[in-house]
Each structure stands twice: as C-alpha cells, then as structure tokens.
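Have a look at the structure below before the remarks.
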Amino acid sequence: MDVHSLAVILQAALSPNPHERKAAEDSLNQFQYTPQHLVRMLQIIVDGNCDLAVRQVASIHFKNFVSKNWSPHDPDEQSKILPGDKDLIRQNILVFVVQVPPLLRVQLGECLKTIIYSDYPEQWPSLLHWVKHNLQDQQVYGALFVLRLLSRKYEFKSDEERTPVYHIVEETFPHLLSIFNRLVQVDNPSIEVADLIKLICKIFWSSIYLEIPKQLFDPSVFNAWMVLLLNILERPVPSEGEPSDPDLRKSWGWWKVKKWTVHILNRLYTRFGDLKLRNPENKAFAQMFQKNFAAKIMECHLNLLNVIRLGGYLPDRVTNLTLQYLSNSVSKNNTYALLQPRLDVVLFEIIFPLMCFNDNDQKLWEEDPHEYVRKGYDIIEDLYSPRTAAMDFVSELIRKRGKENLQKFVLYIVEIFKRYDETPAEYKPYRQKDGALLAIGVLCDKLKQTEPYKSELERMLVQHVFPEFSSPFGHLRAKAAWVAGQYAHISFSDMNNFRKALQIVVAGMRDPELPVRVDSVFALRSFVEACKDLDEIRPMLPQLLDEFFKLMNEIENEDLVFTLETIVDKFGEEMAPYALGLCQNLAAAFWKCMNTAEADDEADDPGALAAVGCLRAISTILESVSSLPHLFVHIEPTLLPIMRRMLTTDGQEVLEEVLEIVSYMTFFSPSISLDMWTLWPLMTEALDILVPLDNFISRSTTHFLSCKEPDYQQSLWNVISSIMGDKNLEDNDIEPAPKLIEVMLLNCRGQVDHWVEPYIRITVERLRVTERPYLKCLLIQVIADALYYNSALTLNILHKLGIATEVFNHWFQMLQQTKKSGTKANFKREHDKKICCLGLTSLLPLPVDQLPGEALERVFKATLDLLVAYKDQVAEASKEEEVEDIDDMGSFQSDDEDDDADASDKEMGVDAEDGDEASSARHKKFAAQASGFHSDDEDDDYDSDDDFSDDEILQSPIDEVDPFVFFVDTIKALQASDPLRFQNLTQTLDFHFQALANGVAQHAEQRRVEIEKEKLEKASAVRVAS
C-alpha cells in the first residue's frame, strides 16, 4: 500500500460513520505487518502538508504498533518488523521527533523510548555518536530530548546494568556543562531557554539518581555543575510571560526548572551528602558536599521560603521539596546551626501558616467536597502538599531537636487556643485554630509520652477540641474529629469523656458536610480499637452500619472500609445478623469502585484501592461468622458474580483477595454448590490457580469424581501435569502441585486407580530435577500417599516403570539425612512424618513376592524410627501448647533447655525445630490456608518451611487415622496371615528395634483408650448441644 492510499484509510478511521471507521481499522490491521508499512506511517506523521488529525491517528497507530512489536516478549519469537524497516525508522525518527508539533512529539517520543530501551547499545551503537554530534551543532534540543530518554533508561539500574551510563556521561557531560553555562548567561531568556535547561536537569537527575558517576567525583567538574545549579536556584524566575492562571502557572517552564533544581540538590544531599554512609568513596564526597554546599543550599532554600512569608508565589511542589530539605537538615549539626537563628521565623511565620486552613481549601471545600476528601487522603497528593511537608518538618524537629523546641511550639499553640477562646465569635481566628488542632494531632505521639503534657491531654481535649464539634465552621468540626481520633487511645481518668467523644464522633457521621462525615469515620476506627467495653458501641451498631453505607454510596475511600473491618473484627459473631446486609452493601460498593477505576484507568485511583478494601472487608466478615455455616448459603449469590468476574484476567489486581473469599466460601459453607463449582475452570484454565481447589475436592468429593461435563479429574491433571512438567518454573512455584495430588489421593481413596500411574510418573520425573529439599519431601510424600491409597497397585506401578529401587533408595536416604547439628534434615512437619508412616506401614502386609524379607525389615525399621520421632514431636507440640495456655506470652525451648529433653528425644535425635514448627503453626488462622498453598515467602532453607505445618487447620481424611494404631493393627494382621514371615521379621531385629517396637505397641494401646475417650466426650457434647 502506497502513502496516499494509507492516508485515505487513516482519514476514514476518523469518520463519524461507524461502518466506515470499522472498515478502515480492519484495513489497518490487515496491512500492518506488510513490509514498509511502518515506514510509510512515519512518512505521514512527519508530512507537514497532511491534515493534522490524520497525522495524529497515524502517530497513535505507529506508537501502539512499535510498543507491541518492536521487541518480541519471547526471545525465540521472530520480530514482525523487518530489519531494513527498523533501520529506516531509527535513521529518521531522530530528525523528526523534534520537528513535529508537540501533539505528535508525545507519541513519537514514546516510540523512541521503546526503541532506545530495546536497541541501545547493542543494535544501535551509533545513537550516542549522533547525540554527541548534535550537542555541538544546531540540533541541540533534539540531542537533549534523545539524551534524556537515553539516560532515563539507566535511572533505576544498579551495578553492572548501569555501566553504559558512565560512558554516556563521559561522552556528553562536558558538552552539557558548556551548553548549560551558555544558557545561564543569556539575558532576558525566553521560555525556550527554560525548556533546554529543564532537559539538562532531567538528564543530570537520571544520571545521578542511584549513584554518582565517577566523572563527577572530580571536585572541579562537580563544582562547575553546582555553581550553575545554585545560580538557577538563587535567581528569581523571569516575570515576563508568567501565566496568571494557577494551573498553568505551576507548570510554567521556569517554575519547572526551579522544581528540578531543588529536586537534584535534595537528592544529592539525602542520598550522597550523608556522613553516615558506609561507602568510603561516597563518605569523602559527603564530607566535601557538607563542607562546600549544604549550608549554601540551605541559605537559598530559606530565601525561597521567605517569598511565601512575604505573600509571594511559590508552586506547591517547590515548597514541598524545599521543606523536605529543611527536614533532612534538622539532624545535621552544621545545617541545623545555620537554621537555628532563623528557626522561629521559619516555624511560626512559614511552617505554621502552611498548616492552617486557607482560601484554596475553602474554595475546594465549597465547590467540590469530594475532591477535598480525595486530596486529604491521597498518598500521592502528599508528595506535592506544602501542608504535609510542614507537618513532617514539625514532626522531625520535635523528634530530633525536641529538647529546645517542644515547649516553645506547644506554648505557641496554647497561646492560639487562649486567644481563640477570649475573642468574640465574629473575630475568632478560626483558621489559626484549625492549624493549632492539626499541630496537636501531629505531636500526638510525643505528647502522649512526655510530661507535663501527657497528664494534661484529657483536659486539653475537653477544653479545646470537643467544643469544636459544634463549630459553625465545617473544617473545624472535621479537624476536631480527626484530633479526637488521634488521642482515642489515651488513658481517660473520666470515662464519661471517652463516651462523650465517641458519641460526638458517631454524630459526626451524620454531619451535613461530607469531609466532616469522612473524618468522623476515620476517627471512629481509633475509638473502636480503644474501646474496652463494647457495650459502649453495641447499641449504636445498626445506626453505625447504616451511616457507613450511606457514605460508601457517596464516596470511594479505603479508610471507610478499614473502619468497617475494625468493627467487624471487634464484634466477631455478633455481626451475624448484619452479615448478609454488609456483604450486599460491600459488593455494591465494590462494583461501583471497579467501574470508577476502569473509567479513570488510573493504577493509583482511590476507587481501585477502595475496591481492594471492600473485598478485604468481605473476608473479615466471612471469618467472623465462620462458625455459622448456614449464613454462607445466603451470602453466596451476592459474592458469586464478583468471584466469577475477578477470577478472569479482569481481576488480576484483586486476585489474592478474591481467592481468599473463594476459600472461605468453599471451606465454611455446609456444602459446595453447583454454582461454586463453575469457578473451577476459571481457576484452572484462565489463571492456573491451585489455591482453593483443595476445598472443592475434599468437601465435594462425589461431584469431583462423578461430573464429566466438565471433567474435573482431567482438568486437575491438565493443570498439575503442566506445572510439574514446566522446566522454567522454580521449585517453590511447583510446591502446590504435589499437595493437590495428595488431596486427591487421600480424599478419593479407591476411586481413582487409573490416575495413580500418571501422577507417579510426573512426580518421579520432577523429583529427578528437584534441588529444593522441601519440594523433594513433598514429592516423596506423593509416593507415600499412593502407597496408603493402594500399596499393591502403587508398588506394581513402580516396578512397571522400573523406578522402584530408585524411589525407595532416595526415600530412605532422605530419612537418614541429617543437618550439621545432627538432627534430621527432612520430613520435619508432623504431617510429613505421619503420611510417611502410613505409606510405609501400608507396604508391610504385602506378600513376599512383592516385598522380600530384606525389604520388609528395612521398611519396618524405618517406620519405627518415624513413629518414635512423630510421637516425640506431637508430645513437644502439646507441651508447648500447655505452656501457652499458662502464659499468654508463650515461649519456645531454648537450645539449653533442649539439652535436658527426655531420653527418647536424645535417642531418636528429634529436631527441636520440629516442635517449634508445630507450635508456631497453631498461631496461624484459617486465612493462611485461604491465601492458599502458596509458599512464595518461604526461604530456600527447609528450616523455614512451616507455612503448611498447621495440621489441625488443614483438614485431611487421615486426621482420624492414628499412625500407631494403624501400624500395630497392620502388624497383627501380618502375624495372623503369615506367622512365619512375622517370626522371621522379629527375630532379625536387634535389641534397640525390639525395644522401639514394644514401646510403639504400648503407645498404640494408650492411643486406643484416648481415642475412645475423645469419641465419648464428643458424643456427650453433641447430646448436650441438642
């Protein structure tokens, strides 16, 4: 297709007629991979005679195609752009990127960024030469534009990945310094000069962000740069051409230059100017920086801030960055010494006024209260907020230099309170009172632990905070609620004051002004946490929840959800009457938040954050009513649409939260409904998610086995075999797969014979390439599971595959393997030992032709060792539990205490860490399972693999099987069926193993008695309950 024909199609893509537009888009998609297509698209973009709208469509198509296809994600995939076309694009885009209008430059700049990130330096070694040449020619802007992209590629790179940036600095920085020097000397500089200086600053920023290039360690070179940066910092911005519109003013080129200059100086000071740095080379640099520049920068920053004091203009971001420098200077003696003489002016005439409610706040409060709330709770806004920076300065000053400043600042605040109280209503300094309340909130942690202020806090709240709940000014009511929340945890001498504050905060949730309602909810969380007598809140619950959902319908704010979670967590099962309504409201709020987030398409959108909060709150509710399974049946229809939608690729941002909900619903419901079963293919096919599948198999086994459309057994095999066979997956990513094989074999005993061989085959294949000890244990346990499932079938399969000797040698070797301390290295959990015992015990009744006498003896001895180790570990865990019952703080055995353990521990070499592991598991909640079989947080050392040691939480069919009773019953059956074989076995045992066998037999009889007793107690409890 020639250029003219392509332009016609692009023109048609702008047509108001949807059919013409669709036809044009189809044509573009049809021809996009043809040779020269991308080159012709670039020709249209740079053609000044072509209609600008057509050029814009071309630039967007060009950018999207380059982004998707320039560098294939798969290294083995062949590029869809011909090498010749790539060369032509690279040769021409550099020239035209700065010649096209700004509207198109944005798109071409993105393309150039993609190409540079992909091709430099390997496929585009000439790029740096082009930049260097044009820095000395007439194409300075173009060269700086490209150099900015080039330096940005390495901004966050460290170590060897950062090497190319040193060459870039070496080749270009001398020219940059020369250009910078000339630009600074221009009289009456134009806005174009500002654009050039801004690019130079951005290049410098990217180059020094993580590490200072060695060229800048040369004092003369660094000094030359600092002279120019300080020159820019000191000189006022040109008045000519400055926009009057506030939004345009803050993004005006010269203010951008000022911002980047302050940004660079802050970075140099905080990252490289700290004398405490360990790097010797950087320490020398830090000493030089502190000596030569820190004080000068401080002087410039103080002069900048003085502009605010005198009523002048300073953009919020510049103010914020300047105050950050001052905050970082407080702890350094030399800079603090410079700040000290001017500290009162800074603190009381600059910092405090920034903390006060102002005209802009009032305007936003009145015109857009939703935006006022959003800005007040948005972390990103804090980066730009002068008020946040002022609060941080006060906090840092009092924390680091409190001795000389706390009393002075508190007296200043007290004076404002006093003046406010004494002044007639029409003249009261309302905005200063607002700032004073904010200051009191900021100082909360310090005042709560410092006398004499600590003992005066309750009186301060009653006298100066509570009255503002009825202020005619909404901003003071909001601030009073916020401050009350900050101090909710103090020890009230008069609990009536706590009750009064709580009641006023609850009343604030019905305030006519939205920001007051939101701040009241935020404060309520603190009061709920601090409340020792829930009867204070219990009567208000229906009213509270009603107000909550009115607010959630009005605004998306995750702090609302946090407060709701706190209430649910506090009241637990008492939330049962409200559980369905809560879930319905939260589900509605979730969909609203998701729709907002999708419409805004912003990753940090508060709607997206609030959506996550809604799901987390739903999980909290489900956990609180987990002992009331009938409720889950009623809640399911509300949550099912969320689970269905969010288990697709649409839900990647909330996947963890959704899986937790699925796990709760499948674990605590009386049964797993057919509707819930529709989630299975979503989890396996779309996302290869293994987490709650255990619940589906174990709690709805009949459906798992009988359903053929879809075939869940085949689906499970597809997922597990795919994961186990993927050589690119790390061992810890494989771990969920053998756990699921175990779930199937234990729950479907005797009903999945045809799956035993394929699962054994993939298990052994993975075992051969596995390095991680924990995964090796899990894989061997699959063999143990299969033996317990059907020992004769499994042993025949092992012999048929020719791997029986290999597998058992590997297993017994792992059983004997010890750590340096002499303790066993593998099968550390109670569950590991138990399943190995059951698997090995299942071999004992096999006839001699399947299990020869020598093998029988080996299995018998290994099982005895395991049983004794298991017995001691269970006893240790029980002992730890008793200690915890006595002392809520609990404690683990020390190494010294372990030396005094009983004789059988020493004899069998039981690992004390096994006991720790079992004990620590009992602190875990079901949520650990809800968040899945994942073991991403486990260390490479098997010592830390206790994520799944919570045997009492992860339910299994073998929970009711006692390994000692099972072993003794199996041996008795062997003795009865083949007395000679039994006699030969016992006669070969030495005294040690005979003693162990007798001990195990005695313990088995003891366990029989205990089990019968437990059954009677359970039956009695059921009768009492009924």
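Residue pairs exceeding 27 angstrom between C-alpha atoms, taken from 363/500; 739/800; 157/739; 408/428; 214/276; 113/258: 363/500; 157/739.
Using only helices, what value at 222 nm comes out for the chain when you add -39,500 (n - 2.57) per DSSP H run of length 4 or more and divide by the total residues, to the nearest 500 deg cm²/dmol? If you can, show how the numbers build up before the last one.
Details: 53 runs with 694 residues, N = 1026.
Theoretical 222 nm ellipticity from helices: -21500 deg cm²/dmol.
For region 462-476, backbone phi angles converted through the Karplus equation (6.51, -1.76, 1.60; θ = phi - 60°) give residue-by-residue couplings of 5, 7, 10, 9, 3, x, 6, 5, 10, 5, x, 9, x, 5, 6 Hz, Gly and Pro being listed as x. Ordering 90-101, 961-972 by mean Cβ neighbour count within 10 Å, with the highest value first, yields 961-972, 90-101. Model label sites at residue 1011 and residue 804, defined 7 Å from Cα along the beta-carbon direction, differ in position by 2.9 nm.
Counting heavy atoms of the protein chains alone, residue 489 has an accessible area of about 100 Å² for a 1.4 Å probe.
Taking the Cα centre of the chain as origin, work out the dipole magnitude from +1 charges on Lys and Arg Cβ and -1 charges on Asp and Glu Cβ, in debye rounded to 20. Mind showing how you got there, number by number?
Working: 105 positive and 161 negative charges, 824 e Å.
Value, rounded to 20: 3960 debye.
Note on residue 972 and residue 770: their simple-model spin labels are 3.5 nm apart, each label 7 Å out from Cα toward Cβ.
What order, most packed first, do the peptides 791-799, 471-479 have when packing is the mean number of other Cβ atoms within 10 Å of each residue?
Working: 791-799: 18.2, 471-479: 21.2.
The packing order, highest mean first, is 471-479, 791-799.
Across region 210-364, Cα pairs under 8 Å and at least six residues apart give a relative contact order of 19 percent.
The length gained by stretching the chain between residue 249 and residue 303 to full extension, at 0.36 nm per residue less their Cα-Cα distance, is 17.4 nm. Across region 342-356, rounded Karplus estimates of 3J(HN,Hα) from the backbone phi angles (6.51 cos²θ - 1.76 cosθ + 1.60, θ = phi - 60°) give 10, 5, 4, 5, 4, 5, 9, 10, 10, 5, 4, x, 5, 7, 8 Hz, Gly and Pro being marked x. Shown is the FRET efficiency for residue 543 and residue 349, computed with R0 = 41 Å from the Cβ-Cβ distance and rounded to the nearest 0.05: 0.35. Of the peptides 678-684, 43-49, the ranking by mean beta-carbon count within 10 Å, highest at the top, reads 678-684, 43-49.
For residue 227 and residue 645, FRET efficiency with R0 = 51 Å and r from the beta-carbon atoms, rounded to 0.05?
Values: r = 59 Å, r/R0 = 1.16.
It comes to 0.30.
Here region 257-383 has 49 percent of its accessible surface on carbon and sulfur atoms, given a 1.4 Å probe and all protein chains in place. Normalised by the number of residues in region 1-119, the mean separation of alpha-carbon contacts (under 8 Å, six or more apart) gives a relative contact order of 25 percent. In this simple spin-label model, placing a label point 7 Å from the Cα along the Cα-to-Cβ direction at both residue 117 and residue 495 gives a separation of 5.9 nm. Per-residue extension of 0.36 nm, minus the Cα-Cα distance of residue 64 and residue 533, leaves a gain of 162.8 nm for this segment. Counting protein heavy atoms only, region 626-764 has 48 percent of its accessible area on carbon and sulfur, 1.4 angstrom probe. Considering only 629, 572, 549, whose Cα is most displaced toward the positive end of the charge dipole of the chain, charges sitting on Cβ of Lys, Arg (+1) and Asp, Glu (-1)? Projecting each Cα onto the dipole axis, the largest value belongs to 549. Each Lys and Arg adds +1 at its Cβ and each Asp and Glu adds -1 at its Cβ; summed about the Cα centre, region 343-514 shows a dipole of about 600 debye. If the label point is 7 Å along Cα→Cβ of residue 381, which residues in region 343-357 have backbone nitrogen under 18 Å from it? Counting only backbone N, you get 354-357. Set against the labelled values (1) 284; (2) 176; (3) 239, volume of the Cα convex hull per residue in Å³ computed from this structure falls on (3). So what's the gap between the Cα centers of region 452-473 and region 953-995, to the nearest angstrom? That distance is 74 Å.
If I take every Cα pair under 8 Å that is 6 or more residues apart in the chain, average their sequence separation and divide by the length, what percent do I get for the relative contact order? Write out the running numbers ahead of the final one.
Values: 1074 pairs, mean separation 48.9, N = 1026.
Answer for the chain is 5 percent.
Could you let me know the centre-to-centre spacing of region 132-177 and region 343-367, using Cα atoms, in angstrom? After rounding, the separation between the Cα centres reads 41 Å.
Distance between the C-alpha centres of region 811-872 and region 696-735: 28 Å, rounded to the whole angstrom. Take the chain with all the other protein chains still there, run a 1.4 Å probe, and you get 46 Å² of accessible area per residue.
What a 1.4 Å probe finds exposed on region 501-624 is 49% carbon and sulfur by accessible area, rounded to a whole percent.
Mind checking the full-extension length gain between residue 20 and residue 333? Use 0.36 nm per residue of separation minus the Cα-Cα distance, one decimal, nm.
Result: 105.6 nm gained on full extension.
Given Cβ point charges of +1 (Lys, Arg) and -1 (Asp, Glu) and nothing else, what value in debye, to the nearest 20, does the dipole of region 533-686 about its Cα centre take? Intermediate values should be presented prior to the final figure.
Numbers: 7 positive and 28 negative charges, 139 e Å.
Charge dipole, region 533-686, about its Cα centre: 660 debye, nearest 20.
Restricting region 384-427 to GluC sites (Glu not before Pro) that sit in a DSSP loop and have at most 10 other Cβ atoms within 10 Å of their own Cβ leaves nothing. Diffusion coefficient of region 189-327 by Stokes-Einstein, Kirkwood radius over Cα pairs, 10 °C, 1.306 mPa s: 101 µm²/s.
Using 1/(1 + (r/R0)^6) with R0 = 51 angstrom and r between the beta carbons of residue 628 and residue 133, what's the FRET efficiency to the nearest 0.05?
On the way: r = 76 Å, r/R0 = 1.48.
Efficiency for this residue pair is about 0.10.
Computed from backbone phi, the HN-Hα couplings of region 987-997 come to 6, 7, 6, 7, 4, 4, 6, 5, 5, 4, 4 Hz, rounded to whole numbers (Karplus: 6.51 cos²θ - 1.76 cosθ + 1.60, θ = phi - 60°; Gly and Pro given as x).
The values are calculated or read from the model by the stated rules, or taken from the named source; none is laboratory data. Small disclaimer: the values here were computed from a predicted structure and weren't measured. Note: ideal-geometry Cβ built from the backbone for every residue, glycine included; neighbour counts use all protein chains shown. Each accessible area value is taken on the protein alone, full model and side chains, heavy atoms only, with ligands, DNA and RNA left out. Shrake-Rupley method; radii C 1.70, N 1.55, O 1.52, S 1.80 Å.
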